[in-house]
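Chemist: What follows is a single structure, and I will ask about it in a moment.
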Amino acid sequence: MSWTEEGSPYPRHPQVADETDEEAVEQLLEEVGTETEPRPVLTVEGLEARVAVVTGASSGIGRAVALDLARHGVHIGFNFLDDEEGRSRHEADEVAEEVESFGVRVFYQSCDIGLSQDVTRFVSKVEEELGGLHILVNNAGIGIDRALWRMSDEAWETVLRTNLSGAFYALRAVAPRFRAQEWGKIVNVASVHGIRSEFGLANYSASKAGIIALTQNAAIELGPSNVNVNAVAPGYIRTTQLTDRVPSEILDRARERSVLGRLGDPQDVAGVVTFLCSEAARHISGAVIPIDGGYLL
Ligand code: NAI
């Protein structure tokens, strides 16, 4: 078939053929845009009794990932960063309770992902407490946004250390175990901003582009040991502490730029992460999957 003067050779979808139906499509998009209830989006089999490390799971995307894996029978080890007000500790306690409500075991502690030796100790402790190690989700991450000519060394280094070095430390800690057992799943949480940057994100974009390169390298080095390594690249995800700090005009613009006309929920990311950890995705490695409602188009 080929295109003709009349247009596409394929029959037009009857639902978008006349104006009444276009209204229906618009209405549908509006409903999708106002959907707020985060619900499980996927159920996969074969993850029961595995053990996962999820970094930074006291809130946002990490919390949703930990709960979704727990829902699939995975024991969860997670860390978080303590703050002075004890807010993260309180949130972590709540996440641990929610994880346990799925009938799986949980181990959690405060551990700065940017401190190499602490991360090594944390990963060993998870293995010891939960009796194995099969999945790593590198999620812990922060943003300190500034125009690059106003960006301090500290803002640059803290973001690179947390988002990129932290992921490397955790990856390096699990690699010998995954290689020895010839089985493992690693999912790194990158960002659309690791693929296309925006104003103010020099440190953040560099860290997330680095995560993508790290994902590809680890996929090459660990593939022969039957370890899948992939990245997800979320667009703007609401109801997380990271987006709480983003001005509402930027979120409105992001919603407009996404072809689905909505921002994502943490659950939208968690469903894809669970899929990548499952055997349904056993032939996917080194991939970067945008979860952005078409924002990058
Ligand atoms: P959040 O602020 O709600 O959660 C971040 C988690 O990481 C918390 O548990 C926090 O305690 C932990 N954390 C922060 N610094 C840490 C450190 N030094 N050591 C250990 N844990 C630390 O953030 P959110 O939005 O859930 O982000 C999670 C990941 O998703 C990050 O890597 C972020 O870059 C990425 N992401 C988020 C998007 C969004 O729109 N929220 C979009 C694209 C990517």
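Chemist: Could you give me the residue pairs with C-beta distances under 6 Å whose first residue belongs to region 109-138 and is under 23 Å from residue 84 (Cβ atoms), whose second residue is part of a loop (DSSP other than H, G, I, E, B) and among the hydroxyl-bearing types (Ser, Thr, Tyr) wherever it lies, and which are 6+ apart or on separate chains?
Modeler: Pairs found: 113/55.
Chemist: Could you list, in sequence order, all residues of region 107-120 that are within 10 Å of the ligand (Cβ to nearest atom) and exposed (fewer than 15 other Cβ atoms within 10 Å of the Cβ)?
Modeler: none
Chemist: Quick one: which of 270, 219, 233 is near the ligand (Cβ under 10 Å from one of its atoms) and modelled with pLDDT of 95 or more?
Modeler: 233
Chemist: Are there any pairs with C-beta distances below 7 angstrom linking a residue in region 231-257 that is assigned to a loop (DSSP other than H, G, I, E, B) to a residue that is of a type in the set (Asp, Glu) and modelled with pLDDT of 90 or more, with the two at least 6 apart or on different chains, and if so which?
Modeler: Listed by first residue and then by second, the contacts come to 235/292; 238/265; 239/265.
Chemist: May I ask you to verify whether residue 223 is in contact (Cβ under 8 Å) with a residue 24 or more places away in the chain, closer than 27 Å to residue 169 by Cβ and buried (at least 20 other Cβ atoms within 10 Å of the Cβ)? Explain how you work it out, then say what you get.
Modeler: Working: in contact (Cβ under 8 Å) with a residue 24 or more places away in the chain: yes; closer than 27 Å to residue 169 by Cβ: yes; buried (at least 20 other Cβ atoms within 10 Å of the Cβ): no.
No: the conditions fail for residue 223.
Chemist: Residue under question is residue 167, and the condition is that it be within 14 Å of the ligand (Cβ to nearest atom), closer than 23 Å to residue 230 by Cβ and buried (at least 17 other Cβ atoms within 10 Å of the Cβ); does it hold?
Modeler: For residue 167, the condition - within 14 Å of the ligand (Cβ to nearest atom), closer than 23 Å to residue 230 by Cβ and buried (at least 17 other Cβ atoms within 10 Å of the Cβ) - is met.
Chemist: Something else now. For residues in region 51-106 being in a loop (DSSP other than H, G, I, E, B), more than 7 Å from the ligand (Cβ to nearest atom) and within 19 Å of the chain's Cα centre (by Cα), which is surrounded by the most Cβ atoms within 10 Å (Cβ to Cβ)?
Modeler: Looking at the filtered set, the residue picked out is 74.
The values are calculated or read from the model by the stated rules, or taken from the named source; none is laboratory data. In this text the structure is predicted, and so the values were computed from the model without any measurement. When we count neighbours, we look across all protein chains shown, and the Cβ atoms used for this are built from the backbone with ideal geometry, even at glycine.
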